[in-house]
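Below is one structure, written out as structure tokens; comments come after it.
The values are calculated or read from the model by the stated rules, or taken from the named source; none is laboratory data. The model shown is predicted, which means the values in this text are computed figures rather than measured ones. Neighbour counts are summed over all protein chains in view; Cβ atoms, including those assigned to glycine, are modelled from backbone coordinates with ideal geometry. Note: accessible area is taken over every heavy atom of the protein model, side chains too, but ligands, DNA and RNA are not part of it. Shrake-Rupley method; radii C 1.70, N 1.55, O 1.52, S 1.80 Å.
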Amino acid sequence: MTWVVTGAGGMLGREVLARLGDEAVEAVGLTRRDLDVTDRGAVLAALRGLRPSVVVNCAAWTAVDDAESREPDALAVNGTAVRHLAEACALVGCALVHVSTDYVFDGHARVPYAEGAVPGPRTAYGRTKLAGERAVLEILPERGYVVRTAWLYGAGGANFVRTMIRLAASRKVVGVVDDQLGQPTWSADVAGRLVRLVGAPPGVYHATNSGEGTWYDLARETFRLLGTDPARVRPVTSASYPRPAPRPAYSVLGHARWREADLPPLRDWREALPRAFPALRAAASG
């Protein structure tokens, strides 16, 4: 049983490969240099040659603000390329696990978004990711998995927690947004769940750590774990940091479908962050 991981050079792709290695599963990691997922012919040739049992697609355009002015470019990676992968998986008869995002929702809810909630993206990034979701579910109804995640952090890439660790060493006071609510999520926890998902009923799942908090809460917890005063983090509004793409005010995702897979939801983010922190701290200072 061979797995292929696209986007293998990114934070989540690296974590998936590490988890597969821990479980002695044969895996091939394909970075952007190895495979241009926007090239349909290259995708078909790669999967025909490798004949994997499972493809995990971690390749994505993640520059949320840039997508507002470059939506066709973002769509090529987040939508059209996913269609290429789904078509190739259908041809070789393998499963596809595709990573998506909370941005497919409008961010106006007051209760967690269920897996079956109707999407309503407000950004170009969200629209392009929704196009990818629809391609997977349309082409691979029996072997396609869409896994939405959000607020990812990890040692293997740039992210909010690593930024806070760096700022704690260089600024006396840090202003952090306190009016966006979500679920800080450790990439290693998501990777573990992606690896365990295949064989469960296909469809949409939400892989975020449980609980909820604001960016301000996450920053204060980061400062606390650093052994410095969390009061150095000051709350500010989203209006203080205007962006081309509006950020969702509410990004909490529900986890009801994990019961169908006979798996519990991911642990609370306040439990996960301390476990992740040694590696995060080492990466931020390296």
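Quick notes on this one:
- Residues located in region 85-109, provided they are touching a Ser or Thr at 6+ places or on another chain (Cβ under 8 Å) and over 19 Å from residue 42 (Cα atoms): 99, 100, 101, 102, 103, 105, 107
- Cβ-Cβ under 7 Å pairs, at least 6 apart or on other chains, region 60-80 side closer than 22 Å to residue 40 by Cα and in contact (Cβ under 8 Å) with a residue 12 or more places away in the chain, far side in a helix (DSSP H, G or I) and among the aromatic types (Phe, Trp, Tyr): 67/125; 74/125
- Looking at 140, 91, 181, just one residue is surrounded by fewer than 24 Cβ atoms within 10 Å (Cβ to Cβ), of a type outside the set (Lys, Arg) and out of contact with any strand residue (DSSP E or B) (no Cβ under 9 Å at 6 or more places or on another chain), and that residue is 91.
- Annotation for region 212-221: at least one member residue is open to solvent by 70 Å² or more (accessible area, probe 1.4 Å) and closer than 13 Å to residue 181 by Cα.
- Residue 85 satisfies every condition listed in (1) surrounded by fewer than 24 Cβ atoms within 10 Å (Cβ to Cβ); (2) out of contact with any Asp or Glu (no Cβ under 8 Å at 6 or more places or on another chain); (3) not in a strand (DSSP E or B) except (1).
- Within region 239-280, the set of residues being surrounded by fewer than 16 Cβ atoms within 10 Å (Cβ to Cβ) and assigned to a helix (DSSP H, G or I) comprises 239, 240, 256, 259, 270, 271, 274, 275, 278, 279.
- Residue list for region 185-194, filter: outside any strand (DSSP E or B) and either in contact with a strand residue (DSSP E or B) (Cβ under 6 Å, 6 or more places away or on another chain) or surrounded by fewer than 17 Cβ atoms within 10 Å (Cβ to Cβ) (or both): 187, 190, 194
- Test for residue 170: is it open to solvent by 50 Å² or more (accessible area, probe 1.4 Å) and polar (S, T, N, Q): yes
- Restricting region 20-68 to residues that are part of a strand (DSSP E or B) and out of contact with any Cys (no Cβ under 7 Å at 6 or more places or on another chain), the residue that is most open to solvent (accessible area, probe 1.4 Å) is 26.
- Candidate set from region 124-167 (those that are touching an Asp or Glu at 6+ places or on another chain (Cβ under 7 Å) and not in a helix (DSSP H, G or I)); member that is nearest to residue 203 (Cα to Cα): 146
- Filtered by the rule that a residue be charged (D, E, K, R) and within 30 Å of residue 53 (Cβ to Cβ), region 158-208 gives 189, 193, 196.
- Within region 170-184, residues that are in a loop (DSSP other than H, G, I, E, B) reach partners that are aromatic (Phe, Trp, Tyr) with beta carbons closer than 7 Å, at six or more positions or on different chains, in the pairs 178/216; 180/215; 183/151; 183/269; 184/151; 184/153; 184/269.
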